[in-house]
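> The structure under discussion is supplied below as structure tokens; questions concerning it will follow.
The values are calculated or read from the model by the stated rules, or taken from the named source; none is laboratory data. Source: prediction; values computed, not measured. Glycine also receives a Cβ, built like all others from the backbone with ideal geometry; neighbour counts cover every protein chain displayed. Please note that ligands, DNA and RNA were not included when accessible areas were found on the heavy atoms of the full protein model with its side chains. Shrake-Rupley method; radii C 1.70, N 1.55, O 1.52, S 1.80 Å.
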Amino acid sequence: MCMFLSLLIVFYALSCADKTTTAARSGVDLVWPVPVVILICLRYCSILESGKSDGDPVEVVCKDKVLLEMIGRYAVIVLWLLYF
């Protein structure tokens, strides 16, 4: 799981920093939400490692208010970057 989360973060950050992604989004720099994605992944991993969940992603996200808040902040940041 840790290897998958590490690869997810690396490839997400690389795709956000790619010049073609920036050009496709009219010059919007999508690297700014990457730290929020890192925090979301770390929070999810800590919930699973603590034994509070059996691993169902929907259950983990719906029951943890901090994780829901971080996902909401990520959505707000991305929408703000794309449309304003």
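> Can you give the FRET efficiency to the nearest 0.05 for Leu68 and Trp32, using r as the Cβ-Cβ distance and R₀ = 22 Å?
My answer for the efficiency is 0.60.
> While we're on this one: Placing unit charges on C-beta atoms (Lys and Arg positive, Asp and Glu negative, everything else neutral), compute the dipole magnitude of the chain about its Cα centre in debye, rounded to 20.
It comes to approximately 220 debye.
> Oh, and also: Would you list the P(r) distribution for the chain, with all Cα-Cα distances sorted into 5 Å bins from 0 and each bin expressed as a whole %?
Spelled out per bin, shortest first, that is 3, 14, 21, 21, 18, 12, 8, 3, 1.
> Another question, if that's okay. Gly55: net charge of surrounding residues, Cβ under 14 Å, Lys/Arg +1, Asp/Glu -1, itself excluded?
Once positives and negatives cancel, what remains is -3.
> So what is the accessible area of region 1-72 per residue, in Å², with the probe set to 1.4 Å?
Here the residues of region 1-72 average 68 Å² of exposed surface.
> Also: In the chain, with Lys and Arg counted as +1 and Asp and Glu as -1 at Cβ, which of these residues, Ala13, Ala24, Val60, has the Cα nearest the positive end of the dipole, that is, farthest along it?
Of the options given, the answer is Ala24.
> Sequence gap at least 6, Cα distance under 8 Å: using those rules, report the relative contact order of region 1-81 to the nearest whole percent.
Computed value for region 1-81: 29 percent relative contact order.
> Of the listed peptides 27-38, 44-55, what is their order by residue-averaged count of other C-beta atoms within 10 Å, with the highest listed first?
Packing proxy ranking, top to bottom: 27-38, 44-55.
> Region 56-84 to region 11-55: how many Å between their Cα centroids?
11 Å
> Mind checking which of Val76, Leu48, Val36 is farthest towards the positive end of the chain's charge dipole, using Cβ charges of +1 (Lys, Arg) and -1 (Asp, Glu) about the Cα centre?
Result: Val76.
> Then there's this: What is the distance, in nm, between label points placed 7 Å from the Cα along the Cα-to-Cβ direction at Thr21 and at Phe4?
If labels sit at Thr21 and Phe4, their model points lie 2.0 nm apart.
> State log₁₀ I(q)/I(0) for region 9-55 at q = 0.21 Å⁻¹ as given by the Debye formula over alpha-carbon point scatterers of equal weight, solvent excluded.
-0.70
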